[in-house]
Amino acid sequence: MTAAEKLTLWLAQLRDTGRGVLVARLTIAVGGAVAIVVPGTAGWDQLDLVPLLAIPLLAATVILPDSLAGVLLLLTVTLGWLVRAPAEISWQLVVTGIAVVVTHLATAFAAQLPSYVRIERRALRRWMLPGAIAVIITPAVAIAAALVQGANVPGSLLVTVGALVLATVTIWFTAGQRLSRD
């Protein structure tokens, strides 16, 4: 297949893109933009390299959600956040965390689908519940971590990790996943 044929095929697939795929890719774009912009406007000193790497990775993730670009985007934003963010929890940290979770879930959803597929409402509903739970649990875990840090309880890291494990298990089972017995 020549380059012109590949481009023609890609443009035909783009024209036939379903609404669900467009919503998923728009969610990736908005969530990724928030994950890049909010830490940049926060009070901590973010590495200048983070936006320079993250912006092209976000564009690549929107175009090709099943590529390595999505993983690299999330790693870039998360590492930039972990390297320079303050120890105390602020609204910027919570919003960045929510944006990373939303970007991750939307990328996982969009990566499973070809760009030209039509999605039924049933498939969208299956992803909406875990997505909503993840978005709600993220600030709840942040608030719980802030309360535990403020109480000077030894082992607060264990409490936070336990809450994240519980959140992951909750999302896993609400999505209708089953443990395989193979």
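Quick notes on this one:
- Residue satisfying all of: in region 100-131; among the small types (Gly, Ala, Ser) and either more than 13 Å from the chain's Cα centre (by Cα) or open to solvent by 50 Å² or more (accessible area, probe 1.4 Å) (or both); farthest from ASP66 (Cα to Cα) among these: ALA123
- Search result, residues across region 116-125 that are farther than 16 Å from THR27 by Cα and of a type in the set (Lys, Arg): ARG118, ARG121, ARG122
- ALA134 meets all of the listed conditions (1) modelled with pLDDT of 80 or more; (2) surrounded by 15 or more Cβ atoms within 10 Å (Cβ to Cβ) but one, namely (1).
- Just one residue in the set VAL83, VAL23, VAL30, VAL77 is within 12 Å of the chain's Cα centre (by Cα) and either within 14 Å of LEU105 (Cα to Cα) or surrounded by fewer than 13 Cβ atoms within 10 Å (Cβ to Cβ) (or both); that residue is VAL30.
The values are calculated or read from the model by the stated rules, or taken from the named source; none is laboratory data. The shown structure was predicted, so the numbers you read here are calculated from the model rather than taken from an experiment. Note that we place each Cβ from the backbone using ideal geometry, even for glycine, and neighbour counts take in every protein chain shown. Just the protein is used for accessible areas: all its heavy atoms, side chains included, with ligands, DNA and RNA removed. Shrake-Rupley method; radii C 1.70, N 1.55, O 1.52, S 1.80 Å.
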